[in-house]
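Please read the structure below before turning to the comments.
The values are calculated or read from the model by the stated rules, or taken from the named source; none is laboratory data. This one's a predicted model, so the numbers in the text were calculated from it and none came from an experiment. With ideal geometry, Cβ positions are generated from the backbone for all residues, glycine too; neighbour counts draw on all protein chains shown.
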């Protein structure tokens with residue numbers, strides 16, 4: 001029994017050392033820094049959610065039509081600004097927007113978080 | 001009223017409410033609290049018709065049932081002075097001699113201590129204790 | 001095996017130390033390979049501690065009493081399920097469970113963020129490994145789960161019979177999952193502050209973990225309350241005991257955070273508040289863990305030994321001091337991007353809700369730690385009891401339930417009074433109908449309970465109205481059948497409608513709490529067979545005694561079980577038959593005699609109740625085993641039966657049981673008639689369901705396709721506007 005324990009202990013130690021040292025041995029490199037893009041995408045998702053929430057508030061009678069139109073315009077302007085910043089970020093990172101199908105769509109109808 | 005002033009007013013109202021609640025809390029806690037005493041402290045300090053939280057260990061061979069009344073003695077954790085308590089009410093499952101208990105008592109005019117109904121708490125057996133050195137051994 | 005376990009602890013400590021150093025070095029020198037190595041240290045720690053806990057689990061299942069913790073908390077006669085769960089019944093095992101769960105959640109969050117938050121993650125890794133090393137150090141230096149004694153005892157002490165209930169064995173893993181999940185937002189919050197990256201991204205990342213922590217803590221709290229009610233002999237589910245409060249406090253601040261987080265996501269407001277809540281929740285979770293082990297407060301759970309108190313105090317002090325420093329020094333970066341548009345908005349009511357929740361937490365904190373506070377200020381330790389807690393928590397709970405009904409009806413950013421008037425008609429109507437109905441049936445006393453029923457009716461009607469209008473709006477667009485429209489509505493707006501379900505559950509739960517605490521009837525008295533007691537509208541008759549030797553009807557391994565058959569009637573109608581009993585367990589203490597030790601251990605009440613949707617009838621018995629005729633039999637058997645013949649000892653017990661059945665001495669009974677208790681558990685399950693709805697992720701393929709379409713579509717529509 002103690003032989004097996006010794007073998008398991010040594011194996012565990014070997015696995016741990018290999019796992020932890022792998023990035024140092026193999027010259028591990030990260031990909032491009034996507035933090036800024038992720039932040040903007042998070043802001044965009046949040047803005048879509050707000051647009052959708054405002055529409056749901058209107059449809060369930062919590063907002064008048066006039067209030068909804070005002071808020072919706074504000075939110076869409078804010079969303080456009082975020083999209084502009086996203087595009088600027090992508091341009092500065094050298095990425096190009098993927099060509100998208102010729103489809104008209106509303107802000108996502110699904111809770112994407 | 002301009003927005004900045006509105007914000008200031010809201011902040012003042014909120015802070016005032018918080019201060020009021022905190023003051024009420026602090027005042028009533030000191031007023032309503034039962035002092036927690038060991039048996040030796042209780043014997044020295046207890047006034048009649050005041051409630052105290054008595055904490056200590058149940059003395060061996062002191063537990064007796066007399067009808068609905070449970071009589072037992074509570075001693076300081078370090079041993080020594082013990083107090084006789086007459087308690088009526090639900091008795092927790094872990095209650096037994098040697099266990100640590102907390103019970104709210106009131107001193108009668110005669111000098112006896114009566115436990116408040118339903119106030120008896122027995123500490124769970126000390127599963128989080130440190131083992132005595134003699135029991136420790138690294139194989 | 002013990003060698004493997006101890007090696008795991010030491011290796012874990014080394015890995016933690018390495019990981020902390022590597023992550024900080026990688027952050028400071030901008031060398032991502034060191035940060036990646038540190039990330040893998042966390043994965044390695046999870047592997048190491050999995051092996052360690054597996055070793056301990058195997059030791060328990062194999063009855064390997066050479067391990068002290070196995071000998072102290074298990075025995076050959078302990079049922080297998082409880083042996084497996086007894087791993088966390090001891091200080092040592094529970095520390096290992098805590099560290100293991102922390103390593104698992106840490107591995108998960110670091111895997112999910114492997115390409116994100118590059119500036120924050122190194123510090124988060126260091127914090128998480130710091131906690132890991134703290135708990136492993138406690139095990140290595142103070143409470144080692146792999147400590148052994150040779151020669152091994154032939155038999156263990158056995159699991160405390162009070163813990164031999166399924167709810168009680170699942171309660172610690174749930175609670176510890178909640179506590180350890182609280183460490184994730186704490187670590188990322190501290191990391192974001194240190195790295196000065198306090199934007200929305202870190203909050204978005206930890207949102208799900210905060211929700212999961214809230215969920216697990218809630219399940220743990222509910223299981224503890226259920227255990228207290230259905231297994232302990234006092235008939236209550238909440239006693240404001242310090243350890244109960246310790247788990248409730250982080251749950252309250254976590255609830256506040258989940259609400260105010262939405263405001264930060266939408267409006268960029270409350271950044272200081274949110275990061276403070278995150279830090280407070282994590283610190284309260286550590287304090288909760290500390291309370292159980294330190295002995296600093298007198299509690300049913302405050303176990304004696306104070307050896308772990310000093311390290312915990314140091315850790316808590318460092319957390320509080322460090323948190324305050326970080327928030328104050330980064331306050332410029334935490335400025336709000338917007339201001340509140342209107343007091344009459346959902347944001348405003350969310351903030352009110354936050355204030356109430358934090359006030360509740362403060363009240364409970366003050367009352368829980370009052371013995372220490374009073375001793376520090378006056379030199380005299382004093383404590384406050386349940387009436388003091390109730391005085392403040394009940395009104396605050398009323399306001400909370402009311403707010404949970406107002407919030408859903410108000411729009412974000414700004415709401416108009418005209419709209420609000422229209423939207424409040426049904427909820428206010430429901431509250432008034434409830435009040436009228438209660439007064440009509442003669443419930444005129446207990447104004448606080450009546451107020452709670454009305455507030456809950458208001459909240460339920462408000463949420464119901466939201467579902468109704470949402471389904472109607474959806475059907476207007478899609479013409480789906482109502483059930484399909486409802487499903488689609490919830491699926492597409494999980495955060496909103498999941499939250500509404502949680503509010504519903506809380507309202508139901510508070511109805512149960514208000515009814516059961518305000519309208520219960522309790523009777524404690526001694527009865528002999530044939531005698532009856534009145535409890536509220538019910539008559540309970542003691543029909544006959546019961547006795548079992550070894551054949552424990554509750555399946556907890558008791559040697560002797562004495563009980564009663566009770567008949568419950570209301571008028572002439574039979575309502576229920578109850579079978580409460582008391583189990584007596586082996587103490588393994590030879591000084592109690594050959595027969596005495598068989599029943600000299602922990603005695604445990606086995607409650608019997610008739611549970612229904614309208615009321616529970618709860619009963620407990622305390623047989624008088626010290627009655628002279630029974631003691632005479634035990635004393636005689638002790639003298640004549642040798643210790644080495646337990647089979648003869650059991651025969652003597654059977655004889656004693658027979659004597660008990662023939663001439664039962666009066667037993668002490670505790671009867672409680674408690675209305676609507678079941679709705680507490682039902683409400684809890686509804687809250688759990690709502691939490692799961694919110695937590696559930698959207699399918700990633702849908703997410704990606706929707707994003708692509710939305711990006712193009714929105715841009716084009718805005719361009720045409």
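What to note about this one:
- Residue match in segment C:670-680 (condition: within 14 Å of chain B (Cβ to nearest Cβ), closer than 30 Å to residue C:502 by Cβ and either modelled with pLDDT of 90 or more or touching a helix residue (DSSP H, G or I) at 6+ places or on another chain (Cβ under 6 Å) (or both)): yes
- Exactly one residue out of C:705, C:662 is at pLDDT 90 or above and out of contact with any helix residue (DSSP H, G or I) (no Cβ under 8 Å at 6 or more places or on another chain), and it is C:662.
- Candidates C:436, C:444 - the one that is on the phi < 0 side of the Ramachandran plot and outside any helix (DSSP H, G or I): C:444
- Any hit, segment C:585-601, residues being under 29 Å from residue C:523 (Cβ atoms) and either surrounded by fewer than 21 Cβ atoms within 10 Å (Cβ to Cβ) or without any contact (Cβ under 8 Å) to a residue 40 or more places away in the chain (or both): no
- One residue alone among C:423, C:419 is over 26 Å from the mean Cα position of the chain (by Cα), without any contact (Cβ under 8 Å) to a residue 12 or more places away in the chain and in a helix (DSSP H, G or I), and that residue is C:419.
- Pick from segment C:372-392, criterion modelled with pLDDT of 85 or more and in contact with a helix residue (DSSP H, G or I) (Cβ under 6 Å, 6 or more places away or on another chain), ranking: farthest from residue A:52 (Cα to Cα): C:384
- Some residue of segment C:507-518 being modelled with pLDDT under 90 and under 30 Å from residue B:67 (Cβ atoms): no
- Single match in C:401, C:384 (criterion: buried (at least 20 other Cβ atoms within 10 Å of the Cβ), in contact (Cβ under 8 Å) with a residue 60 or more places away in the chain and either more than 13 Å from chain B (Cβ to nearest Cβ) or more than 22 Å from residue C:282 (Cα to Cα) (or both)): C:401
- The residues in segment C:60-69 that are more than 13 Å from chain B (Cβ to nearest Cβ) and in contact (Cβ under 8 Å) with a residue 40 or more places away in the chain can be counted, and the count is 1.
- Candidate set: segment C:516-532, residues that are in a strand (DSSP E or B) and surrounded by fewer than 18 Cβ atoms within 10 Å (Cβ to Cβ); chosen: the one farthest from the chain's Cα centre (by Cα): C:532
- Residue within segment B:114-128 that is away from every other protein chain (no Cβ under 12 Å), over 30 Å from residue C:72 (Cβ atoms), under 18 Å from the mean Cα position of the chain (by Cα) and at pLDDT 85 or above present: yes
- Selected residue [within 14 Å of chain B (Cβ to nearest Cβ) and surrounded by 19 or more Cβ atoms within 10 Å (Cβ to Cβ)] from C:89, C:124, C:99: C:89
- Lone qualifier among A:98, A:79, A:91 - being facing another protein chain (nearest Cβ under 7 Å) and either within 23 Å of the chain's Cα centre (by Cα) or modelled with pLDDT of 90 or more (or both): A:79
Quick grid of which residues meet (1) over 14 Å from the mean Cα position of the chain (by Cα); (2) facing another protein chain (nearest Cβ under 8 Å):
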position: B:29; (1), (2): yes, yes
position: B:35; (1), (2): no, yes
position: B:60; (1), (2): yes, no
position: B:74; (1), (2): no, no
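- Considering C:633, C:672, C:680, C:641, the condition of being surrounded by 14 or more Cβ atoms within 10 Å (Cβ to Cβ), in contact (Cβ under 8 Å) with a residue 40 or more places away in the chain and more than 40 Å from the chain's Cα centre (by Cα) is satisfied by C:641 alone.
- Selection within segment C:606-630 - free of Cβ contacts under 8 Å to residues at least 24 places away in the same chain and under 43 Å from the mean Cα position of the chain (by Cα): C:626
- Among the numbered conditions (1) modelled with pLDDT under 85; (2) under 27 Å from residue C:160 (Cβ atoms), the only one that residue B:68 does not meet is (2).
- Residues of segment B:77-106 that are in contact with a strand residue (DSSP E or B) (Cβ under 9 Å, 6 or more places away or on another chain), more than 14 Å from chain C (Cβ to nearest Cβ) and surrounded by fewer than 20 Cβ atoms within 10 Å (Cβ to Cβ): B:79, B:81, B:82, B:84, B:86.
- Conditions (1) over 30 Å from residue C:118 (Cα atoms); (2) free of Cβ contacts under 8 Å to residues at least 40 places away in the same chain; (3) buried (at least 22 other Cβ atoms within 10 Å of the Cβ): number failed by residue C:54: (3)
- Here the helices (runs of 4 or more DSSP H) wholly within segment C:307-410 that include at least 3 residues being touching a strand residue (DSSP E or B) at 6+ places or on another chain (Cβ under 9 Å) are C:346-378.
- Among the residues of this structure, residue B:8 counts as one that is part of a helix (DSSP H, G or I) and away from chain C (no Cβ under 12 Å).
- Scanning segment C:630-643 for any residue that is within 14 Å of another protein chain (Cβ to nearest Cβ) and either in a helix (DSSP H, G or I) or under 17 Å from residue C:564 (Cα atoms) (or both) turns up at least one such residue.
- Any chance residue C:560 is closer than 19 Å to residue C:165 by Cα and away from chain B (no Cβ under 14 Å): yes
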